[in-house]
Amino acid sequence: MGMKEDEKILATEAFVKDNMKGYDSGHDWWHIVRVRNLAAIINEKEGLADPFLVDITALLHDTVDSKFRTRNDGKEYGIIAEFLNNADMSPISERVVNVIKNISFSNKNQTEQVPDPLLWMVQDADRLDAIGAIGIARAFNYGGFRNNIIFSPDLANADEKLNTGYHENSSTISHFYEKLLLLRYRMNTLTAKKLAVERHKFLDIYLKQFYKEWEFATGLK
Ligand code: ADP
Ligand code: NI
């Protein structure tokens, strides 16, 4: 006798909460809730996957995060596969793990793009949560967690020239150029592209106001 879908969801929620202790608060349970709901909204419009699969994948998408783990050789995803097998979800295990491995923008172990609509939608949901007012809050929260500075005019030139690639000791404002401002153009689905417009605009508005206040207070150009 197998588990019902709602039992599988409950088991997954408990597993995720248990595994995310110690993450920064931009990666907390509410990030998971938002990504889960955004992914469901995208899937309602796009209709590309089974809603149950979308839910399970969104719930598990940050369970293994390279930024918070010492192990980083690909094998760390075994705990997700093990969980899915134990919770009566072995038929979906391989697909879900493969999608999760490839979701992260910053994941260096990425194989080539997986042609799976499940990936496109959960990735879009994750990216939407990284931009807009919430994305800004998460960036500064993560920057604080890493003890990064808010902004430095010395790094600003590098921002303009480089606009990409992570550099150590970069500021959180640099992170806008390295990642946040690029996400709008990386949305996979049309639904997410539309949802990204307002959030992206808010990043521009925020940066403009930030520089205005910075220049007013420092007199630097
Ligand atoms: P992914 O969603 O692909 O896992 P990350 O884990 O790299 O992306 O990022 C998760 C959150 O942390 C995002 O909101 C992202 O903007 C933020 N973040 C990641 N790296 C930095 C950084 N160097 N400075 C500020 N925020 C960061
Ligand atoms: Ni995430």
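Only the coordinates and a few stated rules stand behind these numbers; no lab work does. Fair warning: this is a prediction, and the values are worked out from it, not measured in the lab. A quick note on method: Cβ atoms are made from the backbone with ideal geometry, for glycine too, and the neighbour counts reach across all protein chains shown.
By the beta-carbon count within 10 Å of each Cβ, the least crowded to most crowded order of His61, His27, fewest first, is His27, His61.
State which entries of Lys101/Lys208; Lys45/Lys179; Lys45/Lys193; Lys21/Lys193 exceed 24 angstrom in Cα-Cα distance in the structure shown. Over 24 Å Cα-Cα: Lys101/Lys208; Lys45/Lys179; Lys21/Lys193.
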